Amino acid sequence: MAVTIKDIAAAAGVSPSTVSRTCKDSPSISRDTKERIRRIMAQMGYEPNFEAEPSEAFSKTIGIILPSSQRDVYENAFHLEIIRGIGQFCNQRRYVNTVITGEDDAEVLDAIQSMVANTQADGFILLYSKKDCPVAAYLRSEGLLHVIVGKAAQSANQTIYIDNDNALAGEEATDYLYEMGHRRIAYFGVSNAMLFSAERKRGYQLSLLKHGITPREGDCVEIDTLNDSYEPALKALLTAPDRPTAVLVSDDILAVVLEQFCSKLGLRIPKDLSIVSFNNSLFSRITNPPLTTVDVNPYQLGIEAASQTINHIENPNLLATKIIVPHQLIVRESCCPPPENRTAALPGGAL
């Protein structure tokens, strides 16, 4: 019986659509994957037509992959700013972009696989990086061209990624609080599975160690989603006799949550608790008081992600690039030096 594309796919451990796109010399397939598939074709006696069609004949499309979420991700202006940067750059280069999302990883994967099967994407931009990510694992295993916004969790040397130096940003933000006079500084963030938060926490810990302060795990409150029950841990931290005088928060949305919780406890921002957060989003500007925050330039992250994706689509033999976008501390009104005298009692009463 004649060897089919399905036979080649099974032998290579990829999907039939990946074999089909290899036959068309699609730029969305990595060079290593193409070479591996072609060796198997030769071994099995399969003779496709490798003649590439003119690139002008294709409508180039980039899939933008959002984190899986039922709701939270759509409320985060950080992702909207990245998409705005991607969209503007793609428009200039006449590339189409489409957003991929779902309520869980399985739904996101299903959408991606459907696009791949129908050859509807020439490359992908993954707007997040987390440990043990099935979406990133699928893109790697299929040899699909993809760019990650964030530090690559696996195979970093072979992965194209755009990121901030989140560890340095976390360290500098904590230094700012230390230089203001704070010595008991806590951390409130999302799960360490999300690499940006893990890196910001690492920077926070490096700053404390640099200043001779031993980091205390009890000073770190971390949650997976806003639906998690974080109030008991926050209350225990903020009502302790030696409670922190400042908190570094992994993003502006959580900082707003912290501000609201402090209001319930009768704590005043910044007189009783200083806050520094990340992203410089609309939330940071409209809170009372406005938040001191680290601007990670999400619009520029989007532009760089689109630029690198298109560069690698049009030049498939390029080595995997890594781009670091600068950050900047935006000083507003949520920080001040700590009070000289601290009492265990909370002003206004506690919950």
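The values are calculated or read from the model by the stated rules, or taken from the named source; none is laboratory data. None of the values given here were measured: they were computed from a predicted structure. For neighbour counting, all protein chains shown are included, and Cβ atoms are generated from backbone atoms with ideal geometry for every residue, glycine included. These accessible areas exclude ligands, DNA and RNA; they are computed on the full protein's heavy atoms, side chains included. Shrake-Rupley method; radii C 1.70, N 1.55, O 1.52, S 1.80 Å.
Brief remarks on what is shown
- Search result, residues across the range 133-180 that are surrounded by fewer than 22 Cβ atoms within 10 Å (Cβ to Cβ), β-branched (Val, Ile, Thr) and within 13 Å of residue 203 (Cβ to Cβ): none
- The condition of being assigned to a helix (DSSP H, G or I), out of contact with any strand residue (DSSP E or B) (no Cβ under 8 Å at 6 or more places or on another chain) and closer than 30 Å to residue 307 by Cα holds for only one of 169, 198, that being 198.
- Filter result (crowded, with 24+ Cβ neighbours inside 10 Å and of a type outside the set (A, V, I, L, M, F, W, C)) within the range 247-278: 250, 251, 252, 274, 277
- Residue satisfying all of: in the range 91-119; surrounded by fewer than 17 Cβ atoms within 10 Å (Cβ to Cβ) and farther than 23 Å from residue 80 by Cβ; nearest to the chain's Cα centre (by Cα) among these: 106
- Filter result for residue 287 (exposed (fewer than 13 other Cβ atoms within 10 Å of the Cβ) and either at pLDDT below 95 or more than 25 Å from the chain's Cα centre (by Cα) (or both)): no
- Which numbered condition residue 73 fails, given (1) open to solvent by less than 40 Å² (accessible area, probe 1.4 Å); (2) within 30 Å of residue 220 (Cα to Cα); (3) modelled with pLDDT of 90 or more: (3)
- When residues in the range 153-181 are screened for being of a type in the set (Phe, Trp, Tyr) and either touching a His at 6+ places or on another chain (Cβ under 7 Å) or farther than 15 Å from residue 331 by Cβ (or both), 2 of them pass.
- Here residue 183 fits the description: open to solvent by 30 Å² or more (accessible area, probe 1.4 Å), touching a residue at least 24 places away in the same chain (Cβ under 8 Å), basic (Lys, Arg) and not in a helix (DSSP H, G or I).
- Identification of strands (runs of 3 or more DSSP E) wholly contained in the range 209-324 with 1 or more residues that are under 26 Å from residue 164 (Cβ atoms) and in contact with a His (Cβ under 8 Å, 6 or more places away or on another chain) yields 246-249, 274-278, 292-295.
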